[in-house]
Amino acid sequence: MTLLALESCDVFYDKAQALHKVSLGVEANEVVSLIGRNGAGKSTILKTLIGLNRAASGRRLWKGDDVTALRADQLGRLGIAYVPEDRRIFPNLSVEENLRIATLMGRQGGWNLARVYDLFPVLRERSAQPGDTLSGGEQQMLAISRGLLTNPEVLLLDEPTEGLAPLIVDQLVEAMRLINAEGMALLLVEQNLRVPMKLAHRQYVIDHGAIRWSGTTADLQVNRAEIEKLISV
Amino acid sequence: MSTLIIGLSLSFLLFLLSAGLTLIFGMLGVINFAHGALYMLGAYVSYQIVQITGSFWLGLLFAPLIVAALGALIEIVALKRVYSRDHIFQLLLTFGLILVIDDATKLIWGFDYKQVPTPEMLTAPVALFGSQIPSYRLFVIAFGALVSLGLFLLLDRSKWGMIIRAASSDADMARTLGIDVNQVRTGVFALGSFLAALGGAITAPLVPIELGMGFSVIIDCFVVVIIGGLGNIRGAIFASLLLGMTRAVGFTYATEWVELLTFALLIGTLMFRPEGLFSYKGRSA
Amino acid sequence: MKRRNFLKNAGTAALVTTLPAPLVRAATPDDFHIAAILSFSGAYGLIGNDMRKGAEQAVAERGGTVLGKPIRFSWEDDETKPQPAVQKASRLLGEGAQMIFGAVSSASTLALQSLSTQRKVPHLVTISADDAITKRDGAPYSFRTSNTLGMEINMSMEFVKSRGLKKIYAVTADYQATRSGFERFEELAKEAGVEIVGNDFAPLGNRDYSVIIDKMIRSDADGIAVMATGNDGITFVKQAGQVDLGKDKVIFGPVLQDDIFAAATGPAALGVNSGVRYHYSVDNPTNNAFVAAYREQHGEMPSSFAGEAYDGLRWWLDVVEQSDSWDVETWVEAFANSVHETSVEGRKEMRACDHQAAQVGLWGEVVKGEAPLPELTMKINEIFPADRLFDAC
Amino acid sequence: MTRRTVGQTLMAVIIAAMIAIPFFLPGEQWVNLVSLILIWALFAIGFDLVFGVTGMLSFGHAALLGSGGYALTVLTLSYQVGFLPALLAAAVMGALLAFCMGLFALRVSGLFFALLTLALAQMVYILASNKLRALTGGVDGIPGVPRPDLFGINFYDNRNYYAFIVVVFLIGLAVMALLRASPFGRALRAVQANDTRASQLGHNVHALRQSAFVVSGAYAGISGGLLASLMFYISPQMLHWATSGDVMIMTVLGGKGTLLGPILGVAVFELLKEELSQVTQYWYGILGLIFILATIFLRNGIAGLFHGPDDQDQGGAS
Amino acid sequence: MTAGSLSCENIQVSFGGLKAVNGVSYDFKPGLLYGLIGPNGAGKTTLMNALSGHAVLSGGRVRLDGQDITNLSVHRRTRKGLGRSFQITKIFAGMSVLENLQIAAFAHRHRVQPFWLPASRFAAVREQAEQVLEEVELSALAHRPAEYLSHGDQRALEVGLSLLSEPSVLLLDEPLAGVGHDQLEKAIGLISRIVKGRTVLLIEHNMDVVMQVSDEIVVMVQGQLLASGSPDDIRGNAEVRAAYLGEEA
């Protein structure tokens, strides 16, 4: 079943068109990645899915229902969580408050405070610190945990491994694998292929606000040279 | 010593007056010029309640609630429409509100002075440090301390405080966590109005209640808020103490310079730190 | 386009300036038009309404006419600010008003005064107390029929003497008129052998007197002189009440209390002494008749603002009537030398030298009232004769 | 393009008609009203150079207005300086005070600037009504401010003084039009639109802001002088922050960032005040309501009505 | 000495605890075009901000033609010949394209902005603005309100604005970001034309373009310089490939 989908969406920033007729979807329990260069429109797609951008045309679907008109907070309560690119940790909340605020929504599920602390033990150590005193990697863990604690059905992750040391990246990849294994769908945005090749079932390649290629990870492996051209040197 | 006590009572009055202003700024980014008008309204409504029920305490409880409801209404009907625009428009709108609230008050209560008597149990002065301290002043200190403590608990410890802080630092992110930021904003404006009216109700036994009273306090509020750092509650309490104590000492030794002392303090602070002693990006709400 | 506009207008302007001034006052107008500039909003909004009631009473009493023409008021609100006062008065004078009545605050009154001088229009003041309003050889068209702060200060010292007070602690609003009032009070105290043990200048509009009151408590003063009025006075007395300052020290002031202020102050006002401009309890035929008519009309006792407005306007209109002329100079000349034998306060005499009415001074104390009087009311304890209050001109 | 021209022409015609009316109508009512409007309009177009063009909300303009009024009053009354030199001094005084306030206030921007100018102006207000009373006459102010004594014309006749005001106003308007069209004015607009970019292009943003504030101060100073002289009177009320609020309301009502908008704003404000205050004593509240509605629904003020909905004002708000 | 040499000495910029630029030293030689590349968050724009004066240094020095400009304000640096365009378009809304360029030209030609004549009376400025207008191929749109231009044209205007200060060193932050395929050729053409005779530092994510126009490539990762060299060197550099493609080095 398709959990969350965009159907032929156009998005504008002021007068500049950022997305051109984008259609994509995430199935339940699936890991999907969006790959593309900086400025290709990947983050815009995520923001459109979570309701922070308004599509000028096209529809947003949740389990087949039209949810185009819902606000971000309503979408969040449906079971969509968002881990933004710049993490957007609340600087004036402690680490633990950053986590507890996600539980206020009241969605039931397998994730609770104790479990995310087990997943990222370093957060437990830092639970009383203000959110913005964490290192980049810790902030990323906090952002992911915050998303998890809403117990969503799909988690949207915007470049979760960007700018992080390889060791931390590995840790995060493991965590994402585990999260997915428990039944949560992931929509992963990345600039490079490193993480998507390890995790994703299906991939979309975005360039200049449009989907240039899509297919399974196995397909991508076959066409790898061509796709690398779209995203890199 | 009695100067210290009086200074404390001045400080807590200042804090009660300005807390709502800085709270609203911190959360909504709105400079609420109508804060003084809401304070005045708090005093008038509490007068009305005292007239009807004869109880100061009921006035102190219900006047802020009634004004808070009005604040919520104002936020929903008017302010909400201009959030997306430049800050200046919000300031202008609240400026227009002053005129409306002032005239509505005039329409309802007329011109003449109103008075709320000191509550019976607080009329007797208390002998302290070789001086007579009005027991109402001691009550103001205790009540002010209680309210500031309550405010800190609310903002720093409670679930609501967490939501308010989150929504003020990153509204969009808070939305994705299922928080209805619009409602939070309405709530915060109502809370700010509540605090303004609370200031009015608690000041009522100390001054004549009249139409100009809001006009005269707003500048004091701004001074506190600027010194403390816009939007910073902790800064506001610190600034209130600084200003209250300065005034108490000033009244003791050089009464006719007290007003200018206030501004000297302000300018001194700004020379030293242009964005206030505590910039509003600070950690606390 | 802008340039052309400019030229056109400049041309027109030049043309107009060469025209003769068109304003010649009609010999006999259709009515007697009073430009009443009072405060109906702002700090003194309350006063304006009461003054209006008193003034209307004075006109109603004479059948609404003077010199056989109907009297017409134009009530304008100066918002307790000088600029609107002048602005509105200018407009009414442009429409041919014969006199200015008002304003409330001394600032507005002084502003109107220069307008009246400029336009040579009579100006009647019945409330503003600033001594500067009636200076020797001052504004030739302005008259004040009510108290000056100076006489009220004198009255305060008379009270100090009669009460036998020896040591005074004063608080003075930091404002020109009250400051000179205090200086005057200090001089008088020196002459009378009364010691001023302290004085604090508090900012105008001060909302907290606790520190000053604390100093007063600790002092050995037996009298507390409050050189402040309105909000400042009420706030002081209210806060003084919270420490029972009046228990062993006498609180008094030149214009500290009247029935309205007492109502705003509450129980703390009991026992406070003050000069009173007018009071309904003064017993003379004119006043008794006025109070009765006023109560019938408005269902309340006339305030000092209403009484003074009534008294002044009644006096002025009588003089105009007697002059049997529509010439402004005749009125002014007649009024400057007139005596008001049947004033509500007794007798008032206009002094030609400074256009200030010499009159008795009322002094009273706040006491509990019985119906139909308000809960707190002034009891007039002393009436000082004019010659003890006014210096020779 | 044409729409804008048509709108501007229409506005100019309305203003020209307003100025012309007192010359043709008998009675002094219009003379007095339009005199007041023109003086305030001069104040408002000066204010708008800071607010609408440069994008800084000053809440301290009352102090600038008042300082000019006092300069003229004190110089003419106490030092027997002629009216025109005193009016010039009023401009200098306003500019000087603006410069001094700018030294403090320009260290910060946005709402901080608004609050800081408010506090500084309020300090001037307190000084004038209290500590400087020897100079300012304290709260009671100074009566008897003179009018010009030129060419043997009697300017105490309101019609003649009106002509004088019209001349000063038109000069002020022409100078402002020139300033706004000059490279200086363009640079100010650039500062409002994008100060980072403006400084990147080599503009000294701080100096530009300071100059705008100073010029605006000069306009306020002249207006204050004229106003005191119109009223024959000055008091610290002119310096009160409510006066700053009034000029801001008028400017926004008329359309900030436009040359003619603030003038219309002043005219509408004063006319409404004049008419409403005859009808009800609650006119200030009604005015407040009108103003709130205008804030919500008339983004670009009255000038916006002339330019149509999609035509951003020249200043490029926000 | 040839104008246009820019050197960084151990530049450091931190935001809170984060070191966005951590000890970058490099000499940009006159007349060359440097492509500055690196993954998101590498600190490229921050470095550029440090050079142009928009970011406060926590350490290090910046020299322009040998002169220390570390403590100069932004507008002073511009007057010394350091020009820059921005990643997020920073044109002046509410003004026409020509007016935008005139703002820049006036800033360059007058220290004190003339207030005694309408801007339209300065023929030389207008000429200069029109010349640049032609250079960036926007002549046809001279009187269009700038904010109504297409994204690509706004970027061209953005670059044009930087040219009017006649900079010897030009910093270009993603001048092609968001430019559509159809306009890319034109935009590249523009860049290659304007860089002549100038030292240029170019941040650009379109690798084809960077490799095509740059004389030298500088690669930044995590606030530090990873590598520098000719486009061919960089293309073959395994470390760089790893930074982009996520392959193990």
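The values are calculated or read from the model by the stated rules, or taken from the named source; none is laboratory data. Please read these numbers as outputs of a predicted model, since none were measured by experiment. Glycine also receives a Cβ, built like all others from the backbone with ideal geometry; neighbour counts cover every protein chain displayed. Each accessible area value is taken on the protein alone, full model and side chains, heavy atoms only, with ligands, DNA and RNA left out. Shrake-Rupley method; radii C 1.70, N 1.55, O 1.52, S 1.80 Å.
Mind pulling the per residue volume of the convex hull built on the Cα atoms of chain C? Å³ is fine. Mind showing how you got there, number by number?
Numbers: hull volume 62.5 nm³, N = 393.
Taking the convex hull of the Cα positions in chain C, it is 159 Å³ per residue.
Just how large is the dipole of region E:6-243 about the Cα centre, in debye to the nearest 20, putting +1 at every Lys and Arg Cβ and -1 at every Asp and Glu Cβ?
Values: 23 positive and 25 negative charges, 177 e Å.
Computed about the Cα centre, the dipole is about 860 debye.
Report ³J(HN,Hα) in whole Hz for each residue of region D:222-232, in order, from the Karplus equation J = 6.51 cos²θ - 1.76 cosθ + 1.60 where θ = phi - 60°; Gly and Pro get x.
4, 4, x, x, 5, 5, 4, 6, 5, 8, 6
Around A:THR68, which amide H atoms from residues at least 5 apart in sequence, or from another chain, sit under 5 Å from its own amide H, with H modelled in the peptide plane?
A:ARG60
Only helical DSSP H runs with n ≥ 4 go in: add -39500 (n - 2.57) per run for chain C, normalise by residue count and round the 222 nm mean residue ellipticity to 500 deg cm²/dmol.
Details: 13 runs with 168 residues, N = 393.
One gets -13500 deg cm²/dmol as the mean residue ellipticity at 222 nm.
Given a cut-off of under 8 Å on Cα pairs at least six residues apart, what relative contact order in percent is computed for region B:2-272?
Numbers: 403 pairs, mean separation 110.8, N = 271.
Relative contact order here is 41 percent.
Just to confirm my numbers, what's the Cα centroid distance between region D:117-167 and region A:35-114 in Å?
Between the Cα centres of region D:117-167 and region A:35-114 lies a distance of 61 Å.
Could you tell me which GluC sites (Glu not before Pro) in region E:129-223 are loop residues by DSSP with no more than 16 other beta carbons within 10 angstrom of their beta carbon?
Passing sites in region E:129-223 are E:GLU137.
Can you give the Kirkwood hydrodynamic radius of chain B from its Cα pairs, in Å with one decimal? Walk me through the numbers on the way to the answer.
On the way: mean 1/r = 0.0520 Å⁻¹.
Answer for chain B: a Kirkwood hydrodynamic radius of 19.2 Å.
So what are the radius of gyration and Dmax for the Cα set of region D:21-239, in Å?
Cα-based Rg and Dmax for region D:21-239 come out at 17.8, 57 Å.
Under a no-solvent Debye model with one identical scatterer per Cα of region A:1-95, what's log10 I(q)/I(0) at q = 0.12, 0.15, 0.18, 0.22 Å⁻¹?
Evaluating at q = 0.12, 0.15, 0.18, 0.22 Å⁻¹ gives log10 I(q)/I(0) of -0.39, -0.61, -0.87, -1.22.
Can you pull the semi-axes for chain A, root of five times each eigenvalue of the Cα gyration tensor, sorted largest first, whole Å?
27, 21, 17
Mind pulling up the Rg/Rh value for region C:285-393? Radius of gyration and Kirkwood radius, both on Cα. Let's see the in-between values first.
On the way: Rg = 16.2 Å, Rh = 15.7 Å.
My calculation puts Rg/Rh at 1.03.
Longest span of chain D, sites excluded, free of chymotrypsin sites (Phe, Trp or Tyr not before Pro) in DSSP loop with at most 12 other C-beta atoms within 10 Å?
Numbers: sites that count: D:TYR79, D:PHE151.
Excluding the exposed sites themselves, the longest stretch runs over D:152-318.
Please work out whether region C:332-386 counts as rounded, prolate or oblate from its C-alpha gyration tensor, where a ≥ b ≥ c are the square roots of the eigenvalues and a/c under 1.5 means rounded, while otherwise a/b larger than b/c means prolate and anything else oblate?
Here region C:332-386 falls in the prolate category.
Amide H to amide H, which residues 5 or more places from A:LEU4 or on other chains are under 5 Å from it, using H placed in the peptide plane?
Here A:VAL26, A:LYS63 satisfy the definition.
Using the Kirkwood radius over C-alpha pairs as Rh, can you work out the diffusion coefficient of region A:92-198 via Stokes-Einstein at 10 °C, viscosity 1.306 mPa s, in µm² per second?
Details: Rh = 14.0 Å.
Roughly 113 µm²/s, to the nearest whole number.
Report the local net charge at C:ASP232: Lys and Arg +1, Asp and Glu -1, summed over other residues whose C-beta lies under 14 Å from its C-beta. The partial results should precede the final answer.
On the way: positive: C:ARG179, C:ARG207, C:LYS238; negative: B:GLU210, B:GLU256, B:GLU259, C:ASP174, C:ASP200, C:ASP208.
Result for the neighbourhood of C:ASP232: -3.
Where does chain B land at 222 nm, in deg cm²/dmol rounded to the nearest 500, when only DSSP H runs of n ≥ 4 count, each adding -39500 (n - 2.57), divided by all residues?
Details: 11 runs with 201 residues, N = 285.
Dividing the helical sum by the residues of chain B leaves -24000 deg cm²/dmol.
Sorting A:ARG124, A:ARG88 by accessible area (1.4 Å probe), largest first, what list results? Mind showing how you got there, number by number?
Details: A:ARG124 110, A:ARG88 50 Å².
So the residues, ranked largest to smallest area, are A:ARG124, A:ARG88.
Among the lysines, which have Cα under 25 Å from the Cα of A:LYS198 when same-chain residues fewer than 8 positions away are ignored?
Filter leaves A:LYS42, A:LYS47, A:LYS229.
What is the Rg over Rh value, at two decimals, for region E:89-228, using alpha-carbon atoms and the Kirkwood definition of Rh?
On the way: Rg = 16.2 Å, Rh = 16.1 Å.
Using Cα coordinates only, the ratio equals 1.01.
How many percent of Cα pairs in region B:64-169 exceed 22 Å?
On the way: 3401 of 5565 pairs.
Tail of P(r) above 22 Å: 61 percent of Cα pairs.
Please state, rounded to one decimal and in Å, the Kirkwood hydrodynamic radius that the protein assembly as shown gives when every pair of distinct Cα atoms enters the mean of 1/r. Walk me through the numbers before you get to the answer.
Values: mean 1/r = 0.0280 Å⁻¹.
One over the average 1/r among Cα pairs gives 35.7 Å for the protein assembly as shown.
What is the average number of partner chain Cβ atoms found within 10 Å of a Cβ in C:235-241?
Across the residues of C:235-241, the mean count of other-chain Cβ atoms within 10 Å is 4.
Which whole number in µm²/s is D for region C:96-218 by Stokes-Einstein, with the Kirkwood Rh taken over Cα pairs at 10 °C and 1.306 mPa s? Don't skip to the answer; put the middle values down first.
Working: Rh = 16.4 Å.
Approximately 97 µm²/s, per Stokes-Einstein.
Have a look at D:LEU178, D:LEU77, D:LEU201 and tell me which one the Gaussian network model of chain D (Cα, springs below 10 Å) gives the largest fluctuation.
Highest fluctuation of the listed residues: D:LEU201.
Which of the listed residues, D:ALA119, C:LEU46, E:VAL221, is farthest toward the dipole's positive end in the protein assembly as shown, when Lys, Arg count +1 and Asp, Glu count -1 at the beta-carbon?
Going by the Cα projections, it comes out as E:VAL221.
Over region B:213-285, consider all pairs of different Cα atoms and compute the Kirkwood hydrodynamic radius from their mean reciprocal separation; express it in Å, one decimal. Let's see the in-between values first.
Values: mean 1/r = 0.0806 Å⁻¹.
About 12.4 Å, per the Kirkwood formula over Cα pairs.
Charges on Cβ only, +1 for Lys and Arg, -1 for Asp and Glu, centred on the Cα centroid of chain A; of A:GLY25, A:LEU167, A:LEU70, which one is farthest towards the dipole's positive end?
A:LEU70
Mind pulling the angle between the C-alpha long axis of helix C:304-323 and the longest principal axis of chain C? Nearest 10 degrees, somewhere in 0 to 90.
Once rounded, one gets 40 degrees.
Using Cα atoms only, what is the angle between the long axis of helix E:181-194 and the major principal axis of chain E, expressed in degrees (0 to 90) to the nearest 10?
Relative to chain E, helix E:181-194 is tipped by roughly 80 degrees.
Running a GNM on chain B with Cα contacts under 10 Å, which residue among B:LEU128, B:LEU177, B:LEU270 ends up with the highest mean-square fluctuation?
Looking only at B:LEU128, B:LEU177, B:LEU270, the biggest GNM fluctuation is shown by B:LEU177.
Write down the percent of antiparallel bridges among all DSSP beta bridges whose residues are both part of the protein assembly as shown, to the nearest 5. Mind showing how you got there, number by number?
Values: 71 of 142 bridges.
Roughly 50 percent of the DSSP beta bridges within the protein assembly as shown come out antiparallel.
Taking θ as phi - 60°, what are the ³J(HN,Hα) couplings along region B:193-198 by the Karplus curve (6.51, -1.76, 1.60), each to the nearest whole Hz, with x for Gly and Pro?
5, 4, 5, 4, 5, 4
Using a cut-off of 29 Å between alpha-carbon atoms, which lysines can reach E:LYS80, once sequence neighbours fewer than 8 places away in the same chain are excluded?
Once the sequence-local lysines are set aside, what remains near E:LYS80 is E:LYS19, E:LYS29, E:LYS44, E:LYS90, E:LYS196.
Which residues of region D:24-40 bury at least 10 Å² of accessible area once all protein chains are present, versus their chain alone (1.4 Å probe)?
D:PHE24, D:GLU28, D:GLN29, D:ASN32, D:LEU36, D:TRP40
Could you point to the residue in B:GLY178, B:PHE89, B:VAL223 farthest towards the positive end of chain B's charge dipole, with +1 and -1 charges on the Cβ of Lys/Arg and Asp/Glu respectively?
Selected residue: B:GLY178.
If amide hydrogens are placed 1.01 Å from N in the peptide plane, which non-local residues have theirs closer than 5 Å to the one on E:MET220?
Those qualifying (amide H under 5 Å, at least 5 residues apart or on another chain) are E:ILE37, E:GLY38, E:LEU226.
Provide the per-residue ³J(HN,Hα) series for region E:111-124, in order, calculated from phi with Karplus coefficients 6.51, -1.76, 1.60 and θ = phi - 60°, each as a whole number of Hz, with x at glycine and proline positions.
In residue order, the calculated couplings are 6, 9, 5, x, 10, 9, 9, x, 4, 5, 8, 9, 5, 5 Hz.
Can you spot the lysines whose alpha carbon is less than 25 Å from B:LYS114's alpha carbon? Ignore those fewer than 8 places along the same chain.
Filter leaves B:LYS106, C:LYS53, C:LYS81, C:LYS238, C:LYS247, C:LYS368, C:LYS379.
Please give the helix C:45-61 orientation as an angle from the longest Cα principal axis of chain C, in degrees from 0 to 90, rounded to the nearest 10.
70
Using Cβ-Cβ distances only, list the Cys residues of the protein assembly as shown with no partner cysteine under 4.7 Å, sorted by number.
So far as the 4.7 Å Cβ criterion goes, A:CYS9, B:CYS221, D:CYS100, E:CYS8 stand without a partner in the protein assembly as shown.
Roughly speaking, what % of Cα-Cα pairs in region E:6-243 are separated by over 21 Å, rounded to a whole number? Working shown, then result.
Working: 16097 of 28203 pairs.
Tail of P(r) above 21 Å: 57 percent of Cα pairs.
Could you check what % of the DSSP bridge pairs in chain E are antiparallel, to the nearest 5?
Numbers: 21 of 38 bridges.
Antiparallel: roughly 55 percent of the beta bridges in chain E.
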